[in-house]
């Protein structure tokens, strides 16, 4: 340890020690610096270890008053009581004084007074020697000085011996720690330590003072306090990557409302009004009634006709009566195809490619595989030459960009597409994972939205795909409410995400 | 999707070939089905709900025989006229009924099990849980009389419900039997219920329960089937479906029952086994599929899928749709049949080169910019649900009304969140043990009702929670965020119900309010059980992105 590196307290104490000529006691240092003696002791040990101060132990005679002495000081010495009687009454007989003072006190008082010649006994009478009265005053003075801790002169010491013998004063030897600065080293250290730096400052750099200073060394091996970075949500990064892939494949992103009418979510997509997925177990209803549909009269009428009779779609429709009031019920959208339906109804010019990613809602009970809301992707491609084989190609191309080279197709059923297909991709170590549903929009749907080119569509839940690709075993973790988990999983999956 | 259990031996017998499981699995794959062997004797098959004909081994066998080319083209049902007849009276709550008879059936234990399973799956799917369509199956030989009636009866009449030994009043059947409790409400009307009566006995109480007296046994060889419902077409189609499929039994015959409608005396024969024809352009098939499938393949694959061809020209053909294929509504459905028979994994995968330019939605773009900046300001991004619990009420402001979900899965998800601030605070509840200060943000959707209208928006909200908090600690990062987007920001004192008065401000850019910032009201914090002060800010992304778009187009 560098002896010139002094803490603030070390500097403070050392400067006081130096300022006192000779040595100094701990009590004094405590009084001057305002530090408790225990702290002072600790700092002195440090200064001693650096060789900047020396500690000396000295022994000192200390006089203190006994209980008797204290009493004598406050109530008067026994001989004073005697002299005071004699001063008031003149010479008194022994028996008269004994009656006043009691036998015991009379003997002490008489003994002390006679020794110094303050009184004499003539026959039976005590006579005062007025010239010697001062002797009593000087004893009193000494008691006072001892009591107040004043300094004792040599002259007093003989008289104190008498007082000790009388049991009024006690004599003790006391040990005392005295501190003395090691000059000139202490002075040098004090000077130099004011130039030891804890932190570099701009001032020190620009003034060049750093050249004359000592920069304090840190324990660089100790761990620092923890700080947390700002991080993106790992699942959002995954979704953003999918958006980028789709953009690079020529798709335009579109969006739509989450609180949706059954019309756009089901009817436009030719889902029969009594289709099971429109029931309580598959759709969330919102306690709100639309006053009017945000759709043109034409599209509403086409929807009615296509549902009831097939209209101009070339099919026979579902039969029965299509009810506008059912179509006007408000729900939380169950599929992102609702956004695709709105997009097609806006009459985009072919060729077109659109995609939408957003939350969809279905009344599933929460467990490790199911949530009542999750992210879904829906992508559509429309062109005069669009075909089922072209759709399979587009899907294959997309997964290839995702790093998934093996795709398997299986016939499937969706109310709004025909031919319909379900797809699996190979994700190790899971094997074949079912990830998407796709198909060519039914002519009934195209008739309703007013599109006159074939349109291929594919949709997929992104939560399960993210789980499979990122290796997350519980769907709830994608929406974790534990900030430490979010930080941890980001670190763990970092290289799969960027 | 319905899951059915089939006996492999029975299926093989119906197909007439011993299929290995692997082969069966592959064939079922082409029929939109997935299978799993259970115990060597049974197979579990997940069937698509648009193919009710595959809910039973008889239908599965018919389809498989086509794919295996054991038997191709249209199935020809064997029919004759029945001695049975049914008079149909006015049944307001359930007006339609169809009745058919099948003889020469061989069920056995396994066959009966499958028949009941078939009936149940039909009830759930095409039957819409018996509301639209319900099926009753009876042992024909136990039917008291050859003349049947379908009519409304009083709830005080009596019957022996299936599974019971004694007669019960109809009102007790509805109340006391399991089926009565599940389906008793569907068709009861004005103190009356639909019933099928024969020889003075109630043999069926559609859509609830049959009578014990006509119970079908494994050795029942003759069946009477009734189908009732609210949609005439579905009722008749369902009877057609069942009769046609059971006619797969080698020596079986369908007997057409004479139906006499009252009071019109209009007569028809059930099941009609009505077939339709669909005209298909060959080029349409090629165009939709996107590859040059040969004309003879189109025909052959249709025959393999058990369709008939009534007429074929160079460029088109007329396909006959059998009575049991209720899913064929449009020529496009035949295109899919051809594709399935061809094999999806044989279809060439084509990469079309379409000249389109990709782009992101402006909200995605602004969200990315904001995400980048907030991460730089050391905020952690989180993801919450749009649906939330009763805490939503704490964040309702002014004349907003929360959107309530009528059928929530739990109370924790009963409302649509009215802003993103509510989600951040909900997140903070769970993170009070984390190191503070905690800084989080979220970008997402929310909605509420105001007046008659629903407002739906996307916003970004940021929050900071720490032991001791000043207004500036949330205001400063917000200010930094907006300044980095090149916007000049003003703050105007505002009153916001969930923020502290005097510590809440409106955030204004170009004289347009775009959001709020402030310290969360202690009432809100304590109501949510949050023990630390929280500063919060929220910005409307639609407005923000409009301002930025305008700024960019003007510069």
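Rule-based calculations on the coordinates, nothing more; no lab input. All of these numbers come straight from a predicted model, not from anything done at the bench. Quick reminder, even Gly has a Cβ in these numbers, built from the backbone with ideal geometry, and neighbours come from all protein chains shown.
By count of other Cβ within 10 Å, fewest leading, how are A:64, A:337 ordered?
Least crowded to most crowded, the residues run A:64, A:337.
DSSP assigns beta bridges within chain B; of those with both partners inside it, close to 90 percent run antiparallel. Starting from the Cα gyration tensor of segment A:308-354, take the square roots of the eigenvalues, sort them a ≥ b ≥ c, and report rounded, prolate or oblate (rounded when a/c is under 1.5, otherwise prolate if a/b is larger than b/c, else oblate). The shape class here is oblate.
Of B:426, A:213, B:214, the sequence from fewest to most neighbouring Cβ atoms within 10 angstrom is A:213, B:426, B:214.
Rounded to whole Å, the principal axis extents of the Cα atoms in segment B:3-67 read 27, 24, 18, largest first. Dividing the alpha-carbon radius of gyration of segment B:276-344 by the rule-of-thumb value 2.2 N^0.38 Å gives 0.97.
Computed from Cα atoms, the angle from the helix A:8-19 axis to the main principal axis of chain A rounds to 20 degrees. Once the Cα atoms are used to define both axes, helix A:133-148 deviates from the longest principal axis of chain A by about 20 degrees. Restricted to Cα atoms, segment B:139-296 shows a radius of gyration and a Dmax of 20.6, 67 angstrom. DSSP assigns beta bridges within the protein assembly as shown; of those with both partners inside it, close to 90 percent run antiparallel.
Can you tell me how the protein assembly as shown classifies by the Cα gyration tensor, rounded, prolate or oblate, using a/c under 1.5 as the rounded cut? Verdict is prolate for the protein assembly as shown. Enter the Cα centre distance for the pair segment A:436-498 and segment A:333-409, rounded to the nearest angstrom. Using only Cα atoms to place each centre, the spacing works out to 9 Å.
Label segment A:129-170 by shape, choosing from rounded, prolate and oblate, from the square roots a ≥ b ≥ c of the eigenvalues of the Cα gyration tensor; if a/c is under 1.5 it is rounded, and otherwise prolate applies when a/b is larger than b/c, oblate when it is not. Prolate shape, in that a/c is at least 1.5 and a/b is the bigger ratio.
Exposure proxy shown here: for A:354, A:495, the number of other Cβ atoms within 10 Å sets the order, fewest to most, as A:495, A:354. Packing, as the average of other Cβ atoms within 10 Å across residues, places the peptides B:506-513, A:463-470 in the order A:463-470, B:506-513, highest first.
In segment A:235-497, Rg over Rh equals 0.97, where Rg is the alpha-carbon radius of gyration and Rh the Kirkwood radius from pairwise Cα distances. Between segment A:66-92 and segment B:135-211, the alpha-carbon centres lie 131 Å apart. Computed from Cα positions, the angle between helix B:108-124 and the longest principal axis of chain B comes to roughly 40 degrees.
Starting from the Kirkwood Rh over alpha-carbon pairs, what translational D in µm² s⁻¹ does chain B have by Stokes-Einstein at 25 °C and 0.890 mPa s?
Estimated diffusion coefficient is 85 µm²/s.
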